[in-house]
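Trainee: Would you mind keeping the following structure in view while I ask a few things?
The values are calculated or read from the model by the stated rules, or taken from the named source; none is laboratory data. The structure presented is a predicted model; accordingly, all values stated were derived computationally and were not measured. Positions of Cβ are backbone-derived with ideal geometry, glycine not excepted, and every protein chain shown enters the neighbour counts.
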Amino acid sequence: MTSTLPTLSARRSALFLDFDGTLAELASRPDAVQIPPDLPVLLDALHRRLGGALAIVTGRARADLQRWLPVQRWPGAFEHGAVHVGADGTERVAGGADLRTVTALARDFAARHEGLILEVKQTSLSLHFRLNPGLGPACVDLLARAIEHQDGLRLMSGKAVVEVKPAHVGKGRAIAAFMAEPPFTGRQPCFAGDDVTDEDGFAAVQALGGEAIKVGDGPTRAQRRCPNPQALRAWLHHALETRA
């Protein structure tokens, strides 16, 4: 693994970026994230420089992320790829199993325990326990039992969060789908992420001959590492200023 970050080519690179912990520092609550004021401008400029081959790949819901970034202007994979927005603006939503029972159980559990935050999205849900870390194992156990007999749903743990999502979606598949569409086709993919939920994305881009960047500490399949979101944003600024 190396801490030297790759050089992006305006004509040959495709850039995929996670949001929480990658573009923005993690916060105590998912709605408390703060970003530098110039980040949307920077991403807009990179989107133009790369001929449109830039996409946000995140577990966040699209509507939720719009409070920080003008994601309607860029391609994106939201809810770990269950919601796919192509370069032409077309939105495709993956079908999934019924979440009503799981949502009701998670909502009741969160209401009875201080410090839990439930996010209910279009195709998935997230139960955050950063404000009460001791409840992490109980959150995992609750949701694991809730989906035990639902083949169409998968449990996924991240940084102080446990999520239920459609079993057939993931960031790796989302990136592979983009790479089969213009303007991404024929380019070399580069994906930056920070969490275990990004690992299949790292594997996918490296299998395609691309570059994977792990932001922060922890074991990873990524071949490159960046210490924190501030350093990643500095690399993005440098990529914009370097005409390659």
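Trainee: In the range 72-110, what residues are part of a loop (DSSP other than H, G, I, E, B) and either surrounded by 15 or more Cβ atoms within 10 Å (Cβ to Cβ) or in contact with a strand residue (DSSP E or B) (Cβ under 6 Å, 6 or more places away or on another chain) (or both)?
Mentor: Across the range 72-110, the qualifying residues are TRP74, PRO75, ALA82, GLY86, ALA87, ALA94, GLY96, ALA97, LEU99.
Trainee: Enumerate the pairs (first residue in the range 137-162 and farther than 19 Å from ALA104 by Cβ; second residue anywhere and part of a loop (DSSP other than H, G, I, E, B) and at pLDDT 95 or above) with beta-carbon separation below 6 Å, excluding pairs fewer than 6 apart on the same chain, so at least 6 apart or on different chains.
Mentor: Listed pairs, sorted by first residue: GLY158/ASP195; LYS159/ASP195; ALA160/PHE129; ALA160/ARG130.
Trainee: Please specify each residue of the range 67-84 satisfying the condition of being in contact with a helix residue (DSSP H, G or I) (Cβ under 7 Å, 6 or more places away or on another chain) and modelled with pLDDT of 95 or more.
Mentor: The answer is LEU69, TRP74, PRO75, GLY76, ALA77, PHE78, HIS80, GLY81, VAL83, HIS84.
Trainee: Sticking with this structure for a sec: Can ARG173 be described as surrounded by 15 or more Cβ atoms within 10 Å (Cβ to Cβ), over 16 Å from ARG29 (Cα atoms) and without any contact (Cβ under 8 Å) to a residue 40 or more places away in the chain?
Mentor: no
Trainee: Considering (1) outside any loop (DSSP other than H, G, I, E, B); (2) under 18 Å from the mean Cα position of the chain (by Cα); (3) over 18 Å from HIS128 (Cα atoms), say which one ASP64 fails and leave the rest.
Mentor: With respect to (1) outside any loop (DSSP other than H, G, I, E, B); (2) under 18 Å from the mean Cα position of the chain (by Cα); (3) over 18 Å from HIS128 (Cα atoms), ASP64 is out only on (3).
Trainee: Please give the number of the condition PRO37 fails out of (1) in contact with a Ser or Thr (Cβ under 9 Å, 6 or more places away or on another chain); (2) surrounded by fewer than 18 Cβ atoms within 10 Å (Cβ to Cβ).
Mentor: (1)
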